[in-house]
Every structure is written in C-alpha cells, then in structure tokens.
Amino acid sequence: MSIDRVATSAQTAYFLSQIQNAGSTLDKTQEKIASGKNATTYAGFGNQTQVLTATIAANARNSAYTTATKLAVTQTDLQDTQLTSLADLAAKLKKAVSDAVANNDASTLMAQVRSIFDQASGILNSKDANGDYIYAGGKTGTAPITVTSLADLQALPSVAGAFANGDLKKSVQVADGVGVSYGLTASEVGTGLMQALKDIAAFDVGGSGNFDAATSLSAAQNGFLSGAIATLTGTATDLHAVSAANGYVSNRLTDAQGSQTSMNTLYKGFVSGIQDTNMAEAATQLSLNQTQLQASLAVTSTLHQLSLLNYMPQ
C-alpha cells in the first residue's frame with residue numbers, strides 16, 4: 001500500500017495560482033509606490049482614461065494661452081509707458097508754443113519742435129525683444145515711420161506719407177473662444193502729433209515763418225501759434241484716451257492670467273486625482289499584499305509536506 005500526499009494536483013494548481021495572483025498584485029502595488037502613478041499606460045486607468053486624456057489636453061491648451069498672454073501683457077505694459085511718453089511730448093509741445101506766445105518770443109521754438117519730433121519718431125519706431133517693430137501693424141520688419149527728420153516730414157504732401165505700417169493689429173487667444181486685441185499701429189497713435197509738428201514746420205518755412213528770428217512775434221505768427229495751442233490740447237487728450245484704452249486691455253489680460261492660473265491648478269488637481277498614487281492607501285495595500293503572499297506561500301508549503309502518515313496513529 002502506498003502512502004499518498006494529502007494535497008492533490010488540483011489543489012496544488014489552485015494554490016500556485018493564488019501565489020501568482022498575490023505576487024502580481026504585490027508587484028503592481030510596489031510599482032505604484034515607486035513611480036508615484038496609479039498606472040504607467042493609459043489602458044491602466046480603465047474607464048477614467050478618456051477623462052484623463054481630455055483633461056491633459058485642456059491643460060496643454062491653457063498653458064499655451066498662458067504663455068501667449070504673458071507676452072501680450074509685456075507688450076501692453078511697454079505700450080503704456082510709450083503712450084504716456086507721447087502724451088507728455090504733446091503736452092511739452094503745447095507748452096513750448098504757449099511760452100512762445102506768452103513771451104512774444106519764438107526764437108527757441110523750432111529747436112524744441114525738432115527734439116520732440118526725434119523723440120516721437122523714436123518711440124513709434126521702437127522694437128520688442130525679438131527685434132520686431134511694435135507699431136508696424138503686421139509689417140514687423142519695416143520701420144513704421146518713414147521720415148528721419150522734421151524737414152522730411154514737412155516736405156511730405158500729406159502726413160499719411162510718414163507712416164509705412166500695416167493695419168493688422170496683434171491679438172491673443174486667452175481661453176477657448178476668447179480673444180483680446182492689444183496691438184496698436186504708428187498711424188493710429190502718432191498721426192495727430194505728427195500733423196501738429198508738420199504744420200508748425202510748414203509755417204516756419206513759409207513767408208510768415210522763420211521762428212528762429214522771431215524775438216518779437218508778428219500778428220501772423222501769433223495767430224498761428226494761438227491756433228496751434230488749441231490743436232495740441234486735442235492731440236494730448238487723444239493720446240491720453242489711447243493710453244486709457246490700452247490700460248483697459250492690459251487689465252483684461254491680467255484678469256485672463258488670473259483665470260488661467262486657476263484653471264491650471266484645477267486641471268493639475270484633477271489629473272493628479274486620477275494619475276497620482278495615494279501613498280497612504282498604497283502603503284496599507286502593500287502590507288496587505290505582502291501578508292496575502294506570505295499566507296499563500298505558507299499554506300502551499302505546509303500542504304506539500306503533509307501525507308497520510310501525519311494522520312496515522314503512532
């Protein structure tokens with residue numbers, strides 16, 4: 001008579017499968033802890049995969065909006081400084097003309113006019129960090145102001161000839177379906193001031209002009225300059241209005257940045273909730289998996305050591 005083991009082949013196969021399952025589960029838990037992720041492939045997230053990929057894509061778009069908006073804010077900030085400077089130049093020109101009338105002496109006026117032209121044209125021909133002309137209206141490689149001196153401006157048939165900018169204004173998409181236009185063109189900003197400078201220069205070279213020698217104003221000179229004061233008041237007001245509009249756009253962009261930051265936090269939290277491992281839960285699960293594997297190994301080992309001899313009377 002043979003003495004057989006208590007464990008049958010079917011029981012052995014069953015417990016080996018339990019050991020394999022417990023080992024596989026333990027490996028997965030250890031991988032979660034090591035990687036910090038609940039899965040390393042999209043398939044591993046099961047029915048949450050579609051939500052996860054959609055959220056990641058939405059966050060990528062939001063990040064692109066954030067980068068573009070940051071550049072737009074930088075430009076509007078620069079434009080704010082430059083528009084303020086142009087408005088100050090208009091006010092400075094008005095003061096120079098007013099002083100000439102008040103003092104009945106315009107002998108220093110044209111020197112100031114030429115200086116203001118140089119400063120204004122320098123601002124309108126300014127470039128951004130990439131070397132593109134800010135006020136070029138899409139023609140970023142072409143200087144928007146074509147004249148280099150007050151004399152050149154005066155010689156033009158029309159002040160429009162002083163501008164070579166296009167009409168395209170920069171805009172930025174700050175969210176899905178939401179765009180903000182923030183670009184300005186040289187002609188839009190500088191026509192009024194350049195027209196005032198051209199008018200003064202044209203009068204100066206005319207028969208009643210020659211302000212450099214006008215230590216005492218003629219009636220024609222006094223009349224022209226008095227009219228210029230009113231014109232320059234309107235020019236400065238218009239530039240302040242453009243500056244205010246630019247400030248409004250800057251505020252919209254800043255508000256958009258706040259929304260983008262909030263959305264970035266929301267998206268990251270949502271992705272993390274699906275993707276990232278909860279370490280406290282994973283540590284508890286690891287302990288359970290280790291216990292299950294040890295138990296399976298112990299039971300299987302004990303069964304293989306048993307035979308009918310263990311139950312026969314001694």
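List of remarks:
- Out-of-range pairs (alpha-carbon distance over 32 Å; input Lys127/Lys268; Lys70/Lys139; Lys95/Lys170): Lys127/Lys268; Lys95/Lys170
- Distance-filtered residues of the range 87-117 - backbone nitrogen under 19 Å, label point 7 angstrom along Asp212 Cα→Cβ: 97, 100, 105-117
- Gained length - Thr148 relative to Ser126, 0.36 nm times residue gap less alpha-carbon distance: 6.6 nm
- Linear extension gain, Thr53 paired with Ala111, 0.36 nm per residue minus alpha-carbon span: 14.3 nm
- The mean sequence distance of close C-alpha pairs (under 8 Å, at least 6 residues apart), as a share of the length of the range 43-160, puts its relative contact order at 14 percent.
- Calculated P(r) of the range 51-272 - Cα pairs past 25 Å, %: 49 percent
Bear in mind that the values in this text are calculations on the coordinates, not laboratory data. The shown structure was predicted, so the numbers you read here are calculated from the model rather than taken from an experiment. Virtual Cβ from ideal backbone geometry, glycine too; neighbours counted across all protein chains shown.
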